[in-house]
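This report concerns only the one structure given below.
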Amino acid sequence: MEILFLGTSSGTPTKQRSVSGIGLIESLGKNWYLIDCGEGTQQQILHTNLSLNRLSAIFITHKHGDHCYGLPGLLGSSGMQRRTAPLTLIAPRAVYEWLLSTQRITELYFPFALGFIPVEDLPQVDIGQFTIDTAQLSHRVPSYAYSFTERNIEVTLDTQRLISAGIPKGPLWGKLKAGIDVIHQGETYAATDFILKPRSPRKVTICGDNDNPQLLNDTCINSSVLVHESTYAKKMAVKARHVGHSYSTQVASFAESLSIPNLVLTHFSTRYQKDIDADCSIETIRNEAQSVYKGQLYLAEDFMNLKLEKSGNLIQKN
């Protein structure tokens, strides 16, 4: 599966960063999921290979504009691109009420069914290749995290053992892979003897705004990747708490405490510049996080594409 960052700025866009939006792409096929939809998200999508017609569901973490103001435009464009397949929206009720008002006032028409599930009522749901769990966070308004765990892990056969047993490749291997015992040359072979222990499912947790990472203790168990905001560096810890956000070492220390192997920080204040020599450099956040976190760390940038391999390794594709 892949994580494609469409917007990584906090509050307002910059010349290099749009506001919040993340694409999560399934490992098989071209279906994908959108987590948050700040203003300009549909414009960002135009610079990727993502198709609005292959969008399976939209997840909104909270009602602040930098996380949802792009929603009406994106849905309207989906309709104008002849989408007819149903689309699921999971979001706070307030976001849905605002969307309905916008739709009514602007006479926005959707030629597809838009199903709505209130995140407040949703402990868990299965969509596509994922089981999605939610967790409530701490922010100035209700905010949520979404945890995507792949399901239906493919079965792998012990090919060397099959060859050693003299079972010819073909239909018999197919039956064994399906869990069916087979008979070959008068001898019965149990499927369980040739099926390897399945690998652990990959799990990605993507969070909305949050000033208390500890609220993710249960949700992040067995997470391969945590995507969390780090709006500020440690120097701004007091302000971060005041406005309901997190800072570098706070998130990194949490990830380290749970031994989460991959941490991606995003949602950076516009005060932090890419220039390493700037008074407020984004590298300050990186260095502070690395001082307490020993796993693999990424600072998200717009259009950064991270691939989570079956082994659990997270690699950058671009």
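The values are calculated or read from the model by the stated rules, or taken from the named source; none is laboratory data. Keep in mind that this is a model prediction, so the values were computed, not measured. Counting neighbours? That spans all protein chains shown, and the Cβs are built from the backbone with ideal geometry, glycine included.
Some values worked out for this structure:
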| read-out | value |
| --- | --- |
| Qualifying residue in the range 199-219 (condition: under 30 Å from Q273 (Cα atoms) and touching a Lys or Arg at 6+ places or on another chain (Cβ under 6 Å)) | yes |
| Counted residues, the range 278-318 - those being closer than 17 Å to Y232 by Cα, at pLDDT below 95 and exposed (fewer than 15 other Cβ atoms within 10 Å of the Cβ) | 2 |
| Restricting the range 126-162 to residues that are in contact with a strand residue (DSSP E or B) (Cβ under 7 Å, 6 or more places away or on another chain), closer than 29 Å to K177 by Cβ and of a type in the set (A, V, I, L, M, F, W, C), the residue that is surrounded by the most Cβ atoms within 10 Å (Cβ to Cβ) | F148 |
| Residue selected from the range 8-49 under the condition in contact (Cβ under 8 Å) with a residue 60 or more places away in the chain, assigned to a strand (DSSP E or B) and within 13 Å of the chain's Cα centre (by Cα), by the criterion farthest from E309 (Cα to Cα) | D36 |
| Selected residue (only one of T231, T249, T266, T270 is within 21 Å of the chain's Cα centre (by Cα), more than 21 Å from F148 (Cβ to Cβ) and β-branched (V, I, T)) | T231 |
| Where S200 falls short, out of the listed (1) under 18 Å from the mean Cα position of the chain (by Cα); (2) within 26 Å of I58 (Cβ to Cβ) | (2) |
| Residue list for the range 19-43, restricted to those being under 22 Å from T270 (Cβ atoms) and either surrounded by 23 or more Cβ atoms within 10 Å (Cβ to Cβ) or among the charged types (D, E, K, R) (or both) | V19, S20, G21, I22, I35, D36, C37, G38, E39, T41 |
| Residue match in the range 115-135 (condition: outside the structural domain of T219 (by TED's automatic domain parsing), over 30 Å from N212 (Cβ atoms) and part of a strand (DSSP E or B)) | no |
| Selection count where residues are part of a strand (DSSP E or B) and either outside the structural domain of P142 (by TED's automatic domain parsing) or modelled with pLDDT under 95 (or both), scope the range 218-277 | 1 |
| The range 136-172, residues that are over 30 Å from G208 (Cα atoms) and part of a strand (DSSP E or B) | L157 |
| Given (1) touching a strand residue (DSSP E or B) at 6+ places or on another chain (Cβ under 6 Å); (2) more than 30 Å from I153 (Cα to Cα); (3) outside the structural domain of T8 (by TED's automatic domain parsing); (4) of a type outside the set (A, V, I, L, M, F, W, C), number of the condition Y189 does not satisfy | (2) |
| Qualifying residue in the range 184-195 (condition: of a type in the set (V, I, T), touching a residue at least 24 places away in the same chain (Cβ under 8 Å), farther than 24 Å from L122 by Cα and surrounded by 12 or more Cβ atoms within 10 Å (Cβ to Cβ)) | yes |
| When residues of the range 52-67 are limited to those that are under 19 Å from S147 (Cα atoms) and without any contact (Cβ under 8 Å) to a residue 40 or more places away in the chain, the one surrounded by the most Cβ atoms within 10 Å (Cβ to Cβ) | I58 |
